[in-house]
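Visitor: Have a look at this one.
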Amino acid sequence: MLFDLRFLKSLKLLSIITRRHFRGEKIGHRKSPQRGASVEFAEYREYLPGDDIRFIDWNLFGRLESLYIKKFHQEEDLNVSILLDASASMNTGEPAKFDHARKLAAAIAYIALQHQDLARISAFAQGASVESEGGTRPAHIHRLMGFLEKLSPAGRAFSFEEVIEHFLVRNRRPGVVFLLTDGLYGAELFVGLKKLIHRRFEVNLVQILTPEEMNPTLAGNVELIDSEDGSRLVLEVNKQTLTVYEEVLRESMEEMRGFLAGFGMRYLHSLTTTPFESTLLKLFGPGVEQGGA
C-alpha cells in the first residue's frame, strides 16, 4: 500500500471545503443550500399557496396563529476529480515526483470517500489518459489505490489542453479538481485551466518539484538528457548559469501563481522531500487562500 492504515485513519479529521456550492447527484454527507427533506433543520419561512403541507409546523401555528413551513439542508455528494500527471518527467528525483503525487492522490481520494463524495482519478501522459472507476464509499479506497499502484510514469507529457478536453467529455458534472503535476507544460497549461473554469470546476493545482529542480548543484561541463524524448544537451554550468535558471523558474512559478489567483484557483507547490502529510494540511487546513504558497 502507498501508506499505512494508521495514517489513513488520521485523514478522517480532514474534509474537502469548497468555496461555492455544487449540486450533487445523490444524498451524501455534504450540506447544501438546496432545500429538501433531510434530517437537519435549516430555517422557517411563511407558508405560501402550493407549498407541501407536510412541512407545516403546527406547533408554531398554535403559538403564532400563522402558517410556517420548515426548510431543511439537503445533503449532497461532491464530485471530486484528481488529475495525475504520469509523464516521464514525473519519474525524476529521489523520491520520485510521481510517487509523491500518487500518495497525495490516494490521500485526497480517501478524504473524499470518508464524506461519501464521488472520487475519481485520471492519469495522463503519452497522448492518452486512463481513468479509474468512481467511488463513493470508504471501502472504495482499495479500488482507487489498486489503480494508483499499477501506474508508472512514461512518455512525453500529453498536450494539457487535450487532457482537459478529454476529461470534460467524460466529466460533464462540475465539481472540484485536484491537479497534481510538475507544471512543465508552458502556456497551454493556462489554456486548459481556463476550460475547467469555463465549465464551472473549482481547481486546486499542486506543483510538485524536486529539491534539485529548485536549487541544482551541477557544475562544469554536463550533458542533460530529456527524460521524455531522450534528447541531449551539452553545456557548461557555472554560477551565472544557475542564477539565470533559478530566476526563470521563480518567474515561471510566480506567473502560475498569479494566473491561478486571478481566476479564483488555488496554487500550492510541494517538494518531494516535504512530508506529504504537510502538503495535505496546507491544502485542506484552515486559511488556505487562492494562489497560496
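Visitor: For the ranges 83-96, 163-176, 108-121, what's the packing order if you count other beta-carbon atoms within 10 Å of each residue, average per peptide, and put the highest first?
Guide: Values: 83-96: 20.8, 163-176: 16.9, 108-121: 24.4.
The densest-packed peptide leads the list: 108-121, 83-96, 163-176.
Visitor: Charges at C-beta only: +1 for Lys and Arg, -1 for Asp and Glu. How large is the resulting dipole of region 80-197 about its Cα centre, in Debye rounded to 20?
Guide: Numbers: 13 positive and 12 negative charges, 73 e Å.
With only Lys, Arg, Asp and Glu charged at Cβ, the dipole is about 340 debye.
Visitor: Still on this structure, please answer the following. Taking a spot 7 Å from the Cα of GLU94 along the direction of its beta carbon, which residues of region 254-279 have an amide N less than 14 Å from it?
Guide: Label zone hits: 273.
Visitor: Subtract the Cα-Cα distance of ARG172 and HIS142 from 0.36 nm times their separation in residues, and report this length gain in nm to one decimal. Write down the numbers at each step before the final one.
Guide: Working: separation 30, 0.36 × 30 = 10.80 nm, distance 2.54 nm.
Computed gain between ARG172 and HIS142 is 8.3 nm.
Visitor: Can I ask one more? What's the magnitude of the charge dipole for region 137-199 around its Cα centre, counting Lys and Arg as +1 and Asp and Glu as -1 at the beta-carbon? Answer in Debye, nearest 20.
Guide: Numbers: 10 positive and 6 negative charges, 87 e Å.
In debye, rounded to 20, region 137-199 gives about 420.
Visitor: Identify, among MET90, GLY155, PHE201, the residue whose Cα sits farthest towards the positive end of the charge dipole of region 89-211, taking +1 on the Cβ of Lys and Arg and -1 on the Cβ of Asp and Glu, with the dipole about the Cα centre.
Guide: Most positive-ward Cα: PHE201.
Visitor: Lys and Arg at +1, Asp and Glu at -1: add these up for the other residues within a Cβ distance under 13 Å of THR243 and post the number. Can you show the working numbers first?
Guide: Values: positive: LYS239, ARG250; negative: GLU246, GLU247, GLU251.
Net charge in that neighbourhood comes out at -1.
Visitor: May I ask you to rank HIS142, HIS100, HIS269, HIS198 by accessible area, largest first, using a 1.4 Å probe over the protein chains only?
Guide: Working: HIS142 125, HIS100 15, HIS269 60, HIS198 150 Å².
Result of the area sort, largest leading: HIS198, HIS142, HIS269, HIS100.
Visitor: While we're looking at this one, here's another question. PRE reach from GLU165 (point 7 Å along Cα→Cβ): which of region 180-211 fall under 18 Å by backbone N?
Guide: What the label zone holds, given the 18 Å backbone N cut-off, is 185-199.
Visitor: Quick one: accessible area per residue over region 51-205, 1.4 Å probe, rounded to a whole number of Å²? Could you put the intermediate results ahead of the total?
Guide: Values: 6340 Å² over 155 residues.
The answer is 41 Å² per residue.
The values are calculated or read from the model by the stated rules, or taken from the named source; none is laboratory data. Computed from a predicted structure; not experimentally measured. Neighbour counts are summed over all protein chains in view; Cβ atoms, including those assigned to glycine, are modelled from backbone coordinates with ideal geometry. Accessible surface areas use protein heavy atoms only, side chains included; no ligands, DNA or RNA. Shrake-Rupley method; radii C 1.70, N 1.55, O 1.52, S 1.80 Å.
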